Amino acid sequence: MTNSKQKLMAALVVPVVLAMSGCVIVTEGDHDWDSKDGYSQRDWQELERDNRAAIAGLEADTTIESVRTKLGVADFSDSLKKDDALYQVLYYRTHRVKSDGETTRDECTPLVFKDGQLIGTGQLALSSLN
């Protein structure tokens, strides 16, 4: 092969090799996505543990804004106007009931607020609204 043919061949092969070597398979590290709501097993376990710890540390009369700042967006929420008071319930995931990849209300702890102030947590607080 002549010198000019070698240069031409190198000019064609080098970009192809460089382009091929740039192919990378991107993964999400050691995440083990096992749910429809986007949490890996480790993620949801950490989320539940963190939520349980945060809820256990809440005091009566904590504002709903403070809870939202601390815990983020609730998985579910309800509100009710009763006897001139506004009741709001925020549900945060705290335990797993069924391994179906979806968060349901029975996997959450309700936080009950009256006029923006925390009045209780859990099923006892929720049933007091009835």
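The numbers here are math on the coordinates, done by the rules we state, and not lab data. Small disclaimer: the values here were computed from a predicted structure and weren't measured.
Observations
- In a fully extended conformation the segment linking LYS5 and LEU58 would gain 11.4 nm over its present Cα-Cα distance, using 0.36 nm per residue.
- Taking amide H positions as modeled 1.01 Å from N, with prolines and chain starts lacking one, the residues under 5 Å from GLY120 and 5 or more places away or on another chain are VAL112.
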